[in-house]
Ligand code: FRU
């Protein structure tokens with residue numbers, strides 16, 4: 001297997017590299033890039049379901065959009081099973097942690113609405129049972145297409161396989177609430193190709209998911225970001241000088257870091273409707289650094305491309321580490337080169353005293369960052385925890401050049417609209 005630069009040598013653009021040297025600059029608990037402590041007495045949005053990845057309704061330019069004054073979010077959602085014998089421990093108590101950890105296998109898309117951009121009211125499932133072709137409805141993006149309320153929901157149909165799909169429906173409002181209608185025909189768009197993006201056959205732990213379509217503010221064309229891994233058999237990747245970067249003496253040993261091969265993928269639409277897509281080489285690779293760059297998304301600000309992606313401590317390679325949270329990169333043009341924000345890439349991480357308090361951060365163009373509560377310790381030692389499965393407090397962040405700064409904290413799940421569309 002070739003190094004990243006050799007592999008993508010003849011392609012239209014060179015992927016930017018998140019290097020091991022960049023990642024060595026990660027500093028956990030820097031207050032300017034650390035999410036404030038989430039208190040263990042957080043409120044729960046809904047006690048019947050767990051929610052995690054949150055996807056605000058938006059337009060193709062990235063603006064969070066309300067309709068007729070109603071804010072709308074989509075969430076990955078799974079039932080809670082407090083009375084299911086399968087989730088009771090030896091003492092007959094509900095093992096919520098096991099139920100929570102199993103949620104990915106039964107993830108479904110739900111929606112919620114609100115007049116205030118918080119205190120979300122339960123809407124229900126977006127697609128009826130049986131509409132989505134696979135067991136799991138994983139993350140993606142709901143796009144409001146026009147003032148007739150048409151919505152394209154891009155998401156990932158997982159198990160078997162992992163296919164980026166879309167389904168079209170309509171948002172309907174009344175003075176009492178919001179409903180989703182249609183969403184009956186799921187259209188497969190594309191899967192990993194094994195050439196640029198790793199397939200399941202090449203690596204059983206491959207990632208290929210989380211579509212984020214957008215209109216490029218400069219060329220006006222329709223593109224899509226997604227999460228992938230760099231193609232090639234598991235274990236065959238090379239962590240060479242380019243992937244290592246400029247490290248101090250004594251940091252050349254990369255251990256088993258060839259197993260970490262995350263990338264941020266990009267595709268371009270061949271048609272105006274986004275029904276026909278062509279995959280392009282990744283925008284960013286993290287070979288030798290990290291195995292997951294999930295839910296990639298952009299903020300377009302000051303003529304720059306701010307690329308954000310979420311990642312975990314446990315997916316870092318040997319010899320590098322960082323907190324669970326959102327990482328970011330900036331470029332002057334869509335295809336890069338991308339430079340890690342704050343030197344390291346770390347933008348908003350969990351504090352080391354509560355390493356799993358939040359995840360799946362989504363940076364909105366107004367600088368607000370939403371995420372969900374995973375688990376928060378309830379005692380000094382961190383052995384007792386309270387499982388979340390609900391919205392975390394929103395964080396306010398300033399993006400300035402190549403740096404970011406935490407500047408505010410807001411209410412749980414506060415996702416205010418940036419514009420309102422009156423439906424015709
Ligand atoms: C992020 C994530 C996404 C995926 C979903 C699965 O939290 O791992 O990448 O679509 O959750 O539950």
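Round to the nearest 0.05 the FRET efficiency obtained for residue 379 and residue 301 when R0 = 60 Å and r is the Cβ-Cβ distance.
After rounding to 0.05, the efficiency reads 0.90.
Roughly speaking, what is the stretch gain from residue 366 to residue 146, that is 0.36 nm per residue apart minus the C-alpha to C-alpha distance, in nm to one decimal?
Result for the pair: 77.0 nm of gain on full extension.
Would you look at the GNM of the chain, springs on alpha carbons closer than 10 Å, and say which of 250, 92, 343 moves the most?
Checking each option, the largest mean-square fluctuation is seen for 250.
Using 0.36 nm per residue of separation minus the Cα-Cα distance, give me the extension gain between residue 272 and residue 61 in nm, one decimal. Walk me through the intermediate numbers first.
Values: separation 211, 0.36 × 211 = 75.96 nm, distance 1.45 nm.
Gain in length upon complete extension: 74.5 nm.
Per the Kirkwood definition applied to all pairs of different Cα atoms, how many angstroms is the hydrodynamic radius of the chain?
Every distinct Cα pair counted, the radius reaches 21.7 Å.
How large is log10 I(q)/I(0) at q = 0.14, 0.21 Å⁻¹ when the Debye formula is applied to the Cα atoms of segment 235-305, each weighted equally and without solvent?
-0.62, -0.98
What whole number of Å gives the distance from the Cα centroid of segment 353-424 to the Cα centroid of segment 116-177?
22 Å
Hey, any idea what the orientation-averaged projected area of the convex hull of segment 288-372's Cα atoms comes to, in nm²?
Computed as one quarter of the Cα hull surface, the answer is 5.8 nm².
Of the residues 38, 247, 376, which exhibits the maximal mean-square fluctuation in a Gaussian network model of the chain defined by a 10 Å Cα contact cut-off?
247
Full extension from residue 218 to residue 419: what is 0.36 nm times the residue separation minus their Cα-Cα distance, to one decimal in nm?
Using 0.36 nm per residue and subtracting the Cα-Cα distance, I get 70.3 nm.
Of 64, 49, 158, which has the largest mean-square fluctuation in a 10 Å C-alpha GNM of the chain?
49
Could you state the number of Å between the C-alpha centres of segment 30-70 and segment 245-278?
27 Å
Over all alpha-carbon pairs of segment 45-169, lay out the pair-distance distribution in 5 Å bins, whole %, shortest bin first.
Going out from 0 Å in 5 Å bins, segment 45-169 shows 2, 11, 19, 20, 18, 14, 8, 4, 2, 1, 0 percent.
Tell me the label-point distance for the pair residue 134, residue 122, using the 7 Å Cα-to-Cβ offset, in nm and rounded to one decimal.
Here the modelled spin labels are 2.8 nm apart.
Only the coordinates and a few stated rules stand behind these numbers; no lab work does. This one's a predicted model, so the numbers in the text were calculated from it and none came from an experiment. Reconstructed Cβ throughout: ideal geometry from the backbone, glycine too, with neighbour counts over all protein chains shown.
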